[in-house]
Amino acid sequence: MGIHGAYDAALRGIETASDRLQRAAVKTARPDAGADIGAAADRILAKHELRAGVATIRTADDMVGTLIDIVA
């Protein structure tokens with residue numbers, strides 16, 4: 001996977017986290033039996049997905065910076 005692939009994967013992960021968080025917000029706004037636990041779990045999962053996506057972007061950015069330093 002190249003640098004572009006890493007960015008693409010990270011952005012897809014961030015988008016997935018955003019979608020999951022939105023669904024959890026809807027569940028929270030309209031609580032059903034057991035939906036509170038599912039919504040809480042979705043919020044936690046979305047947080048971890050978002051952090052993983054951001055960490056991937058930071059790592060890819062660091063790699064690009066290192067490559068530029070090496071070439072320059």
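Sort through GLU49, GLU15 and tell me the only one that's open to solvent by less than 60 Å² (accessible area, probe 1.4 Å), under 16 Å from the mean Cα position of the chain (by Cα) and free of Cβ contacts under 8 Å to residues at least 40 places away in the same chain. Before the answer, list the steps.
Numbers: GLU15 fails: open to solvent by less than 60 Å² (accessible area, probe 1.4 Å).
After applying the criteria, what remains is GLU49.
Of the residues examined, ALA40 is not one that is of a type outside the set (D, E, K, R), open to solvent by 70 Å² or more (accessible area, probe 1.4 Å) and over 24 Å from THR59 (Cα atoms).
Modelled with pLDDT under 90, open to solvent by less than 50 Å² (accessible area, probe 1.4 Å) and in a helix (DSSP H, G or I) - does that describe any residue in the stretch 27-34?
No - not one qualifying residue is present in the stretch 27-34.
Among the residues making up the stretch 13-65, those that are among the β-branched types (Val, Ile, Thr) and closer than 30 Å to GLY2 by Cα are ILE14, THR16, ILE44, VAL54, THR56, ILE57, THR59, VAL64.
The values are calculated or read from the model by the stated rules, or taken from the named source; none is laboratory data. These figures come from a predicted structure and were not determined experimentally. Neighbour counts are summed over all protein chains in view; Cβ atoms, including those assigned to glycine, are modelled from backbone coordinates with ideal geometry. Remember, those area values only see protein heavy atoms, side chains included, never the ligands or the DNA or RNA. Shrake-Rupley method; radii C 1.70, N 1.55, O 1.52, S 1.80 Å.
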